[in-house]
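Values quoted throughout were computed directly from the atomic coordinates according to the rules given, and no laboratory measurement underlies them. Owing to the predicted nature of the structure, the values given are computational and were not obtained by experimental measurement. When we count neighbours, we look across all protein chains shown, and the Cβ atoms used for this are built from the backbone with ideal geometry, even at glycine.
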Amino acid sequence: MVETAGVVGRGSIRNHEVVSKMIDFDQMIDNYLFRESKPKTVGRYYPSEIGSCLRKMWYTYKVPKEIEPQLKRIFEAGNIVHGFVVDVLKSEKNPHVELLKTEEPFQMKVDDFIISGRIDDIILLKQNGETILVEAKSAKTVEYTREPSPAYLMQLQLYMHHTGIHKGIILYIEKSTLKSKVFNVNYDENIAKDAIERFKKIDECLKQEKIPQAESKHRHGWGWMCGYCQYKEECDKAGKEERKWKQEKNE
Ligand code: SF4
């Protein structure tokens with residue numbers, strides 16, 4: 001008979017402890033997710049990054065760092081959730097929706113650079129024949145999400161702008177419960193153009209070796225990004241040097 005931890009004697013619990021030391025599953029996950037990260041190429045940019053701090057984006061090109069294992073797990077959890085979304089969308093049990101494409105490659109040429117990414121899903125609503133772009137995002141909780149993140153909106157607007165499909169949804173899925181929240185998004189040319197301008201700006205900064213402004217430190221509601229930023233140390237140091245240089249200039 002198999003004994004169950006928690007209802008057996010102390011000796012058995014010790015046995016379980018021995019087993020848990022033999023199988024370090026966290027380490028196994030990290031091994032599984034490990035792959036050499038390739039340095040990014042200036043001139044190739046990603047829609048998923050353009051709504052976040054431009055200085056952070058600049059650092060990812062100029063000072064490439066290995067993605068921390070914890071972050072890789074979060075990305076992988078997002079992939080797993082997206083796989084589930086695809087299963088739901090293509091299921092015969094949901095005949096009112098047809099999954100037209102998934103992980104659809106996206107490429108857009110602007111000036112002399114390329115914007116490259118993947119559109120999560122494209123679906124057809126059979127009821128009215130409407131085609132809709134889907135951007136699926138995993139979240140810790142959906143309960144308090146009142147509106148979609150501006151960064152996700154910018155990404156989706158860019159896809160809408162380039163594909164000509166002017167209806168979209170941002171679909172949040174709660175990782176631990178699979179509860180969802182859906183936000184309808186209509187095309188807004190201004191947001192898409194704003195995204196393109198941001199790509200132009202980062203391209204110029206990278207090619208001319210100019211560091212962009214520390215956006216998240218200065219924009220209202222963006223400060224939380226600095227708490228998760230891998231480049232906080234470099235950014236703070238650059239800020240001190242900037243202040244010193246400005247003071248010296250005024251003297
Ligand atoms: S610390 Fe904040 S402002 Fe600086 S690069 Fe990171 S996110 Fe941007």
Cα-centre dipole for the chain with unit charges at Cβ (Lys and Arg positive, Asp and Glu negative), debye to 20: 480 debye
Placed amide H near I114: partners under 5 Å, 5+ positions off or other chain: R44, Y45
FRET efficiency for K246 and I114, using Cβ-Cβ distance with R0 set to 41 Å, rounded to 0.05: 0.70
Sequence ranges 31-39, 191-199, 116-124, ranked by mean other-Cβ count within 10 angstrom, highest first: 116-124, 191-199, 31-39
Convex hull (Cα only) mean projected area of the chain, reported in nm² to one decimal: 20.5 nm²
Distance-filtered residues of region 153-172 - backbone nitrogen under 18 Å, label point 7 angstrom along N128 Cα→Cβ: 165-171
Selection from Y187, S52, H162 lying farthest towards where the dipole of the chain points positive, charges on Cβ: S52
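Per residue, how big is the convex hull around the C-alpha atoms of region 17-153? Give it to me in cubic angstrom, could you? Let's see the in-between values first.
Working: hull volume 26.2 nm³, N = 137.
Cα convex hull per residue, to the nearest whole number: 191 Å³.
May I ask you to list the GluC sites (Glu not before Pro) in region 101-174 that are in a DSSP loop and have at most 16 other Cβ atoms within 10 Å of their Cβ? If you can, show how the numbers build up before the last one.
Numbers: sites: E103, E130, E135, E143, E174; in loops: E143.
Filter output for region 101-174: E143.
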Cα-based Kirkwood hydrodynamic radius, region 104-251, one decimal, Å: 18.0 Å
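With +1 on each Lys and Arg Cβ and -1 on each Asp and Glu Cβ, how big is the dipole of region 113-248 about its Cα centre, in debye rounded to the nearest 20?
Using Cβ point charges on Lys, Arg, Asp and Glu, region 113-248 gives about 260 debye.
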Cα centroid separation - region 188-228 against region 21-62, whole Å: 19 Å
For region 193-210, Karplus couplings with θ = phi - 60° (6.51, -1.76, 1.60), whole Hz, Gly/Pro x: 5, 4, 4, 5, 4, 5, 4, 5, 5, 5, 4, 5, 4, 5, 6, 9, 6, 9
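Report, in deg cm²/dmol and to the nearest 500, the calculated mean residue ellipticity at 222 nm for the chain, where each DSSP H run with n ≥ 4 adds -39500 (n - 2.57) and the sum is divided by the residue count. Walk me through the numbers before you get to the answer.
Details: 9 runs with 113 residues, N = 251.
Taken over the chain, the calculation gives -14000 deg cm²/dmol.
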Efficiency of FRET between L100 and R73 - r from beta-carbon atoms, R0 41 angstrom, step 0.05: 0.85
FRET efficiency, 1/(1 + (r/R0)^6) with R0 41 Å, evaluated for R219 and K93 via beta carbons: 0.40
